[in-house]
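Chemist: Mind looking over this structure? Questions follow.
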Amino acid sequence: MLARKLRGALMDFSKSLQMNERFQLVIPGGAHTYAKGDDQYPEFAFPYMVRGEGCHVWDVDGNEFIEYGMGLRSVTLGHAYKPVVDAAYKQMLKGSNFTRPAAIEIECAEQLLNMIKGAEMVKFGKNGSDATSGAIKLSRAYTGRDMIAICGNHPFFSVDDWFIGTTPMSAGIPEVIQNLTVKFQYNDIETAKKLFQQYSGKIACVILEPEKEDEPKGNFLHELQKLCKENGTVFILDEMITGFRWHNGGAQRVYGIIPDLSTFGKALANGFSVSALVGKREIMQLGGLKHDKERVFLMSLTNGAETHGLAAALETMKIYEREPVVETLWHRGKLLAKKIQKSIDENQLVEYIPILGKPCCLVYGSKDQEKKPSQLFRTLLLQETMKRGIMATSLVVSYSHTDADIDRTVEAFHEAFRIYRKALNEGIEKYLFGRPVKPVWRKFN
């Protein structure tokens, strides 16, 4: 009954609903990434995609959406972006993997190092976790210490034990591993100082994103780096999200700071699976042959340098250099934020729907009648915008979003905001179909 009612109210998701049973039967959770899971979308409204072009995507039922978030921020230029696809295709015809390194590996490495100021060596991987966990391993080997300090305000660093053990989803992680990672708070240097006092001489590295929704205040990044230098600790910036959105040289270029190590991925290859660990030679070289210390097993991956992925990354980086990609992301984001904020104001929702983050990487909040964060009201927004052809778990734009796409998006959000206002006044149960979405980080389903 619920499914029929919802399908009548929204787009037709009948083929997706049928496919869902197959997904759940053979793939744990029905998705290979938790952020793409059924529990992140309104009930009976989780489409399965078949193609994308620019910022538009189509599902198995033929529904068309303007997409935001763009492959969890990995598709910065746009889906099926022809120059990138052509580069990968041409390279694929020459072979994708060999017994010895391919010439394109050095070309791609030099291109990346030319863009990231202060980076002297690079090791490529397939996922962000390859790079961040590689950075952790190098830091431990370089310092001879075991403990890791992470920013407690930042939601995700790796699929590996050193990080997952700190989350509510710590099942399967030995307690001894969990105890090796400690947390400080962003923009609160005192919390970091207390960790160094409590664990004097034990912290191998500090890892954080340069920026999330809040920008660094009080010279926070530089003060944290200074603290690391004073304590012989490796300073790592995770630029999976900020890299190639804030600046072609990453957020580290924006804030004038050069970390010991930094990690890149997502936008590096416009959706192709490529990540990178870059940093100072004296640390990175521990994973190589030009030293007389103990060998470090650093990101030795069978598919770590697939040639077509590197070709995609190389072309993507060249596009960043010759076209105003980052400038366009900021411009489109500012336009989107301005118009959506106007609609929020008109619907008297200023205290209920905050727009957060830099224009190049916007997210939105959702609050209930008591002005507390609400998964119920987030679900309502997703339900009402998806109904109108907008897939927006965030407001992260791509290079392919046009002014017309922005206008259509704002129109859909304006109508959704009207429903949101009614739900605040009359009760959300009158307007929300099915169960609410859930946070990824939770102990039980």
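The values are calculated or read from the model by the stated rules, or taken from the named source; none is laboratory data. It should be emphasised that the depicted structure is a prediction, and the values quoted were computed from it without experimental measurement. In this analysis, Cβ positions are derived from the backbone assuming ideal geometry, glycine residues included, and neighbour counts consider all displayed protein chains. All accessible areas refer to the heavy atoms of the entire protein, side chains included, with ligands and DNA or RNA removed. Shrake-Rupley method; radii C 1.70, N 1.55, O 1.52, S 1.80 Å.
Chemist: Which of GLN341, SER394, TYR364 sits farthest toward the positive end of the charge dipole of segment 262-399, with +1 on the Cβ of Lys and Arg and -1 on the Cβ of Asp and Glu?
Modeler: Farthest towards the positive pole: GLN341.
Chemist: So what is the relative contact order for the chain, in percent, with contacts set as C-alpha pairs under 8 Å and at least six apart? Before the final figure, lay out each step's value.
Modeler: Working: 804 pairs, mean separation 96.6, N = 445.
Dividing the mean separation by the residue count of the chain yields 22 percent.
Chemist: For VAL85, what accessible surface area do you get with a 1.4 Å probe? Give it in Å², rounded to 10.
Modeler: For VAL85, solvent-accessible area is about 60 Å².
Chemist: Leaving out ligands, DNA and RNA, and with a 1.4 Å probe, what % of the accessible surface on segment 148-217 is carbon or sulfur?
Modeler: Answer for segment 148-217 is 48 percent, counting heavy atoms of protein chains only.
Chemist: Rolling a 1.4 Å sphere over the protein heavy atoms, what is the accessible area per residue of the chain, to the nearest Å²? Don't skip to the end; give the middle numbers.
Modeler: Values: 20520 Å² over 445 residues.
I get 46 Å² per residue for this part.
Chemist: Report, largest value first, the span of the C-alpha coordinates of segment 120-207 along each principal axis, in whole Å.
Modeler: Principal extents (Cα only, largest first): 35, 35, 26 Å.
Chemist: What 222 nm value per residue comes from the helices of the chain, counting each DSSP H run with n ≥ 4 as -39,500 (n - 2.57) and dividing by all residues, nearest 500 deg cm²/dmol?
Modeler: For the chain, the value works out to -12000 deg cm²/dmol.
Chemist: List, in order, the whole-Hz ³J(HN,Hα) value for each residue of segment 115-130 obtained from phi through the Karplus relation with A = 6.51, B = -1.76, C = 1.60 and θ = phi - 60°; use x for Gly and Pro.
Modeler: So the Karplus estimates, Gly and Pro as x, are 8, 9, 4, x, 7, 10, 9, 9, 10, 8, x, 9, 10, x, 5, 4 Hz.
Chemist: If you don't mind, another one. Kirkwood hydrodynamic radius, segment 19-89, all distinct C-alpha pairs: what's the number in Å? Spell out each step's value before the answer.
Modeler: Numbers: mean 1/r = 0.0740 Å⁻¹.
Here the Kirkwood hydrodynamic radius works out to 13.5 Å.
Chemist: Here's another thing I want to ask about it. From the gyration tensor of the Cα coordinates in the chain, what semi-axes in whole Å does the equivalent ellipsoid have, largest first, with each one equal to sqrt(5λ)?
Modeler: 37, 26, 22
Chemist: Starting from the residue with the highest accessible area, list LYS194, LYS422, LYS290 in decreasing order, probe 1.4 Å.
Modeler: Ranked list, largest accessible area first: LYS290, LYS194, LYS422.
Chemist: How long is the gain from LYS422 to ALA171 if the chain were fully straight, where each residue apart is worth 0.36 nm and the alpha carbon distance is subtracted?
Modeler: Stretched out fully, the LYS422 to ALA171 stretch lengthens by 86.3 nm.
Chemist: In the full protein assembly as shown, how much of ILE173 is accessible to a 1.4 Å probe, in Å² to the nearest 10?
Modeler: 20 Å²
Chemist: Can you tell me the Rg and Dmax of segment 128-269, counting just the alpha carbons, in angstroms?
Modeler: For segment 128-269, the Cα radius of gyration and maximum Cα-Cα distance read 14.1, 41 Å.
Chemist: Okay, moving on. Using 7 Å Cα-to-Cβ label points, what is the LYS226/VAL254 separation (nm, one decimal)?
Modeler: 2.3 nm
Chemist: Considering the Cα trace of segment 329-445, what is its radius of gyration and what is Dmax, both in angstroms?
Modeler: In order Rg, Dmax, the Cα atoms of segment 329-445 give 14.0, 42 Å.
Chemist: Could I ask something else about it? Summarise the accessible area of segment 334-445 (1.4 Å probe, protein heavy atoms) by the percent that is carbon and sulfur.
Modeler: C and S fraction of accessible area: 52 percent.
Chemist: Here's something else I'd like to know. How large is the Kirkwood hydrodynamic radius of segment 254-305, counting all unique pairs of alpha carbons, in Å? Show your work: numbers first, answer last.
Modeler: Numbers: mean 1/r = 0.0768 Å⁻¹.
In segment 254-305 this quantity evaluates to 13.0 Å.
Chemist: Quick one: dipole size for the chain, taken about the Cα centre, charges +1 on Lys/Arg Cβ and -1 on Asp/Glu Cβ, in debye to the nearest 20.
Modeler: In debye, rounded to 20, the chain gives about 320.
Chemist: Going Cα to Cα from LYS438, which aspartates and glutamates come in below 16 Å? Please leave out same-chain ones fewer than 8 positions away.
Modeler: ASP38, ASP39, GLU43, ASP368
Chemist: Using a 1.4 Å probe on the protein heavy atoms only, what accessible surface does THR393 show? Give it in Å² to the nearest 10.
Modeler: 50 Å²
Chemist: Right, next: Thinking of segment 291-373 as a set of Cα atoms, what percent of all their pairs are more than 22 Å apart? Walk me through the numbers on the way to the answer.
Modeler: Numbers: 1962 of 3403 pairs.
The calculated P(r) of segment 291-373 puts 58 percent of pairs beyond 22 Å.
Chemist: State which entries of LYS280/LYS318; LYS338/LYS358; LYS266/LYS318; LYS123/LYS293; LYS183/LYS226 exceed 21 angstrom in Cα-Cα distance in the structure shown. Mind showing how you got there, number by number?
Modeler: Details: LYS280/LYS318 23 Å; LYS338/LYS358 12 Å; LYS266/LYS318 16 Å; LYS123/LYS293 19 Å; LYS183/LYS226 18 Å.
Pairs exceeding 21 Å: LYS280/LYS318.
Chemist: Using a 1.4 angstrom probe on heavy atoms only, work out the carbon and sulfur share of the accessible area of segment 14-140 in %.
Modeler: 54 percent
Chemist: For segment 95-144, rounded, prolate or oblate, judged on the Cα gyration tensor with a ≥ b ≥ c (square roots of eigenvalues), a/c < 1.5 rounded, else prolate if a/b > b/c?
Modeler: Cα axes put segment 95-144 in the oblate bin.
Chemist: Also, I was wondering about something else. Taking every alpha carbon pair in segment 372-418, what does the distance histogram look like in 5 angstrom bins from 0, in percent?
Modeler: 5, 21, 29, 24, 12, 6, 2
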